1. Check A:K135: other-chain or 5+ apart residues with amide H under 5 Å from its amide H, H built from backbone geometry?
2. Roughly how big is region B:51-149's charge dipole about its Cα centre, with Cβ charges of +1 (Lys, Arg) and -1 (Asp, Glu), in debye to the nearest 20?
3. Just to confirm a number: summing +1 for Lys and Arg and -1 for Asp and Glu over residues other than A:E98 whose beta-carbon lies under 11 angstrom from that of A:E98, what do you get?
4. Over region B:51-149, how many pairs of lysines fall under 15 Å by alpha carbon, counting only those 8 or more apart in sequence or from different chains?
5. Quick one: how many lysine pairs in region A:74-176 have C-alpha atoms under 17 angstrom apart, if they're 8 or more apart or on different chains?
6. So in region B:51-149, what percent of DSSP beta bridges are antiparallel if you round to the nearest 5?
7. Can you tell me the 0 to 90 degree angle between the C-alpha axis of helix B:4-24 and the longest principal axis of chain B, rounded to 10?
8. Between helix B:126-138 and chain B, what is the angle of the helix's C-alpha long axis to the longest principal axis, kept within 0 to 90° and rounded to the nearest 10?
Amino acid sequence: MSKHAKDVEEEAKADMTPMIDAVFLLIIFFLCIDFKVLEAKLPAYLPKDKGSNNDDTPPIEQLSLKIICQQEGTPAERRPGSNSKNNTMLVGHVVRWELGPKRYDDLDKLKDDLTDIANDPRRRVPDLKNPGKMKIMPIVIEPQPKTTYGDVATTVDAVSAAKFEEINFGGGRGAK
Amino acid sequence: MDMTPMIDCVFLLMIFFVLVIDLSQQDLEDLILPEAKYAVPDENPPDVRPIINIAQDGRMIFKNNPYYNPAEHGATDKQAEPHIRRLLLEWKDKYVKDKTVENLGGRKVTVINDPVLVRADKWTEWHYVGLFMTICSQQTDAAFWKLELAMSEEDKEVKLFGGKR
């Protein structure tokens, strides 16, 4: 082999070390960052109208769903020794639901019954925004003391899955 | 082959992504949200939507700033109201587009029809979320009445810490 050909062969050899370093750094970076879990959303409404009102509109029938804390639960650390201000979880926290007079301990059973109500044409109420039409009865969620955001949000999730469109909040706010 | 420029570029890209990720997450506090089974994914959020974060101790945080802290400001409605009201007025002026003046119960009320996204930790007492909601609906000059409750596609508490509901 001539000297010239040998030189060309040496020039073509790239040093891969820095590229591998960079690739490893990228791998470490992507392993370390905490990918945010996709968030979901649920619509809910507050009473828009308040104060005394002279309107002659008839009151609309609505379902009342109470969330009652049965066992508050024992506070425990999520991550032992962490300084985070959101480091508490409640072990053994139990809630139940009351839909009118009926009591539920299982959210899935509640959701099934709510679905039946939403699908029952006899339980429809007049839609004041569209005169002459009927709509699914509104539902009022009433969280009682010691209930948590998790209890309420999962309940709203089930109510929403049962196809209720108008979800309102009432019954105070779970006073401390 | 000189690899130095490529490594420079890679480092610049890394720094860029680190900064971009940090900026896009400044609205979101590090809370563990309850798990959603049926809720709609928040895939196309509006350009401008106020997001309130409510921590376990009741602090109400907007863009990393705690506007209301029960331990510092007091826990009664009267003590909370001016701090939360300050935030609502800021939202009304800077963040919302759909607002109308309506006559409700004989009073003129500025009704905000854009929703607020409420993010609270799954173990935050509902009392604090209810307090925020009550004050939202009571303002005559910035009555927010539409809310969206944030949930998560998976229960991070179970995933990270093995917690149980």
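1. Amide H to amide H, under 5 Å and 5 or more residues apart or across chains, A:K135 pairs with A:V125, A:D127.
2. Computed charge dipole of region B:51-149: roughly 240 debye.
3. After counting each charged neighbour, the total is +2.
4. So the count of such lysine pairs works out to 5.
5. So the count works out to 5.
6. Antiparallel bridges make up about 55 percent of those DSSP assigns within region B:51-149.
7. Between the helix axis and the principal axis of chain B, the angle is about 10 degrees.
8. Helix B:126-138 and the main axis of chain B meet at about 60 degrees.
None of the figures in this text is laboratory data; all of them are computed from the coordinates on show. Not measured: the values here are computed from a predicted model. Don't worry about glycine lacking a Cβ; one is built from the backbone with ideal geometry, like all the others, and counts go over all protein chains shown.
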